[in-house]
1. For residues in segment 60-87 being in a loop (DSSP other than H, G, I, E, B) and touching a helix residue (DSSP H, G or I) at 6+ places or on another chain (Cβ under 8 Å), which is farthest from the ligand (Cβ to nearest atom)?
2. What number of residues within segment 43-53 are part of a loop (DSSP other than H, G, I, E, B) and within 13 Å of the ligand (Cβ to nearest atom)?
3. Considering only residues that are surrounded by 15 or more Cβ atoms within 10 Å (Cβ to Cβ) and under 19 Å from residue 157 (Cβ atoms), look in segment 90-113 and name the one that is nearest to the ligand (Cβ to nearest atom).
4. Among all residue pairs at least 6 apart or on different chains, which show Cβ distances below 6 Å where the first residue, located in segment 71-89, is within 23 Å of residue 155 (Cα to Cα) and at pLDDT 95 or above and the second is part of a helix (DSSP H, G or I) and more than 14 Å from the ligand (Cβ to nearest atom)?
5. Could you say whether any residue in segment 161-183 is within 16 Å of the ligand (Cβ to nearest atom), out of contact with any strand residue (DSSP E or B) (no Cβ under 6 Å at 6 or more places or on another chain) and either part of a loop (DSSP other than H, G, I, E, B) or within 23 Å of residue 73 (Cα to Cα) (or both)?
Ligand SMILES: N[C@@H](CCC(=O)N[C@@H](CS)C(=O)NCC(=O)O)C(=O)O
């Protein structure tokens, strides 16, 4: 969803292809069997959400989605991209796939893994909440690919955390600003209806 949002903001033509995790079709372009995977018209393939978003921002500087110029602005973009890849995204795995985190097949063991995931996600959302205090967007004062990256994870947290987004009003505000965008609504209509 995040690269599709970035592409909508850029206004570049693209084709979204529905694939199954680990499917033959997906494994042919990404040995991890995971999304997102970007394929350019000349056959060049790029995986990893953070890299794809960075590539799209650099390929389309006119869209100003990279978060600013200069070593510090670029470092901030890398910092928040790494935060979403390694800290936030990874914190959801015990919730989505508890069976990968315990060899105990019992319901109680799996539920304990899910609850540990809730705590991990809550810890990272507290960091994001503090960062957003007094800010409209994650980088500088305008939207960037990092906001697109955050958006699906904010939706997951809203649905999966026991208290939803209620402890994170700044994160809720960011969510609402992004969700109101027409390009984002296009992506949501396509990717949440089937
Ligand atoms: N580090 C990768 C993780 C990609 C990833 O795990 N994507 C999930 C969907 S959000 C997936 O395809 N999971 C399938 C699986 O793990 O089997 C990235 O940031 O692109």
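1. 68
2. Qualifying residue count for the region: 1.
3. 92
4. 87/124; 88/124
5. There is no residue in segment 161-183 that is within 16 Å of the ligand (Cβ to nearest atom), out of contact with any strand residue (DSSP E or B) (no Cβ under 6 Å at 6 or more places or on another chain) and either part of a loop (DSSP other than H, G, I, E, B) or within 23 Å of residue 73 (Cα to Cα) (or both).
For every residue, the table says whether it meets (1) part of a loop (DSSP other than H, G, I, E, B); (2) modelled with pLDDT under 95; (3) within 11 Å of the ligand (Cβ to nearest atom); (4) closer than 24 Å to residue 90 by Cα.
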{"position": "3", "(1), (2), (3), (4)": "no, no, yes, yes"}
{"position": "14", "(1), (2), (3), (4)": "yes, no, no, no"}
{"position": "26", "(1), (2), (3), (4)": "no, no, yes, yes"}
{"position": "38", "(1), (2), (3), (4)": "no, no, yes, yes"}
{"position": "41", "(1), (2), (3), (4)": "yes, no, no, no"}
{"position": "55", "(1), (2), (3), (4)": "no, no, no, yes"}
{"position": "58", "(1), (2), (3), (4)": "no, no, no, no"}
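The values are calculated or read from the model by the stated rules, or taken from the named source; none is laboratory data. Since the structure is predicted, the reported quantities are computational estimates derived from the model, not experimental observations. All Cβ positions, glycine included, derive from the backbone under ideal geometry; neighbour counts span all protein chains shown.
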